[in-house]
Amino acid sequence: MEVLFATTNPAKIKSYKEKLEKHGIKVLTLKDLELNIDVEETGNTAIENARIKAETYGKIAKKITIGMDTNLFFENVPEDKQPGTHVRRVNGKTLTDEEMIKYYKKLASEFGGKITAKWVNGVAIYNGKETKTYSFSKSKFYLVDKESPKRRIGYPLDSISIIPEFNKCLMDLTEEEMTLREKNINKNESAVDAIYKILKNM
């Protein structure tokens, strides 16, 4: 099976492409198909934005298409400071990775240097006839005003994210700690397994 993964985020592409191809799914990217279209993400949730991306690109490419979006929520932070679906877009501007680190470090500093945060992800898969969706969230973490010098292109906030169970920055976790964290996150079913199951039944 061949699918289009409708994202330009290099970190997402690398992670999901490798894992899905182990299931026998050939993953194409927007770059592979030379699709340079600006899709307006007008949804109020990660699922809504994922659906918009999947259906828009799927209709153009005429391929089974996976759309994905991520919401970020903060505890004890006013509504006007909540990123929600606009994690990278702030005050009408799309931030670079380094600008995101600077902005969210400053925000964490405003709230005592540490904010409890949680990612909520939405996935939509469009096959030309119907769209199926899946939502999953990750465990809480701390967004802080101190950064690791290490970078993960496409996931800038990893450089200022503290994982509570290890009390370490996500970028500084060992391979063993990363593996343990993934097992804890995916106790029931991983996102890749869920996506594969949907694809297999469409």
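The values are calculated or read from the model by the stated rules, or taken from the named source; none is laboratory data. Worth saying up front: this structure is predicted, and the values here are computed from it rather than measured. Virtual Cβ from ideal backbone geometry, glycine too; neighbours counted across all protein chains shown.
Across the stretch 72-127, the qualifying residues are those that are more than 18 Å from the chain's Cα centre (by Cα) and at positive phi, and the one among them that is surrounded by the most Cβ atoms within 10 Å (Cβ to Cβ) is Gly113.
Filter the stretch 18-41 down to residues that are more than 17 Å from Lys62 (Cα to Cα) and in a loop (DSSP other than H, G, I, E, B) and give me whichever is modelled with the lowest pLDDT. So the residue we want is Asp38. The single condition from (1) over 17 Å from the mean Cα position of the chain (by Cα); (2) surrounded by fewer than 18 Cβ atoms within 10 Å (Cβ to Cβ) that Cys169 fails is (2). Quick check on the stretch 30-53: of everything there that is surrounded by 15 or more Cβ atoms within 10 Å (Cβ to Cβ) and basic (Lys, Arg), which residue is nearest to Phe5 (Cα to Cα)? Among them, the one singled out is Lys53. For the stretch 77-114, the candidate set comprises residues that are of a type in the set (Phe, Trp, Tyr) and in a helix (DSSP H, G or I); within that set, the residue that is farthest from Leu157 (Cα to Cα) is Tyr103.
Residues in the stretch 128-144 that are crowded, with 16+ Cβ neighbours inside 10 Å and of a type in the set (Gly, Ala, Ser): Ser135 alone.
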